[in-house]
Structures are given as C-alpha cells and as structure tokens.
Amino acid sequence: MPGYVKGVINLRGKVIPVVDLRLKFGLQEREYTQRTCIIVVQVHSGGVAIQSGIIVDEVSEVLNLAAGEIEDTPDFGEDVATPYLLGMAKAKDSVKMLLDIDQVLANSETMSLAGLVN
C-alpha cells in the first residue's frame, strides 16, 4: 500500500481504510496532535459508495452550503491542474476551496484497500 494509507479503523462495526490527506497531496509529514482529526467520508467510484477516513491537521468549522453558493473553480492557468477542486464558496466573509473527495480518494490503491476491508 502507498505510504499515505495509514491503516484501518473500526467504525460502528465497519472496518474502513484511513488515508493521511497531507501525505496524499505530497506534503511533509507532520506529527499528530490533539487537533488532528479523522473525518469519515463517503467516496463514489464506479457506481459504488465506500466509506473512508481521512486524517487532517485540524477542523476549524463545519459549514452547510447550498448548491447555489458553490461557484466553479476559477482558471489558474495552463500549468495548474485542479482535478481535486469541486469549486469555491463564499462563506462568512471568506472564500473556501471545496475538495472533490471522490477525485482525491478514488484511485486504484485506495479503492482496492477499501474493497479488502468491506
């Protein structure tokens, strides 16, 4: 398994894979703290929904956004690929970049691990 797959957790009787999002994006590994969280998400790939855990540095807020509040990802130029971005949203006088979690986690390594534990 790739280094960003940290293992599995048992969540309400279901075993789900856990991915370190920092390592998935090629960022430097950071020691886990009291603010480090595992967020459980549902990934859709090939018509199948699979639960997965993602490790993040911290969670600062949880927002509910309506579809109308989400704008398309702006063009960052030819040299910048944005397959992981779902869009942008204005919330509380700031702009939030929204990840397309299906694109982030729907790859052969992650999905094969999910298939093994489900």
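Laboratory data are not the source of any read-out in this text; all were calculated from the coordinates shown. Worth saying up front: this structure is predicted, and the values here are computed from it rather than measured. Methodologically, a virtual Cβ is constructed for each residue, glycine included, from the backbone with ideal geometry; neighbour enumeration extends over all protein chains shown.
Brief remarks on what is shown
- Check: region 1-72 dipole with +1 on Lys, Arg Cβ and -1 on Asp, Glu Cβ, in debye: 480
- The residue list Thr33, Pro2, Gly47 was ranked by how far each Cα lies along the charge dipole of region 1-49 toward its positive end, using unit charges on Cβ atoms, and Gly47 comes out on top.
- Taking the number of Cβ atoms within 10 Å of each Cβ as an exposure proxy, the fewest-first ranking of Val19, Val95, Val41, Val5 is Val95, Val41, Val5, Val19.
- The fewest-to-most ranking of Asp102, Asp93, Asp75, Asp20 by surrounding Cβ atoms within 10 Å reads Asp93, Asp75, Asp102, Asp20.
- A straight Cα-to-Cα reach below 17 Å connects Lys96 with the aspartates and glutamates Asp57, Glu58, Glu61, Glu69, Glu71, Asp72, Asp75, residues fewer than 8 places away in its own chain not being considered.
- For the chain, the longest principal axis of the C-alpha atoms and the axis of helix 108-117 are separated by about 50°.
- Pairs of alpha carbons in region 1-48 separated by more than 18 Å make up 40% of all such pairs.
- The ranking of Ile101, Ile70 by Cβ neighbour count inside 10 Å, starting from the fewest, reads Ile70, Ile101.
- Ellipsoid semi-axes in whole angstrom, largest first, where each is sqrt(5λ) of the Cα gyration tensor of the chain: 25, 17, 16
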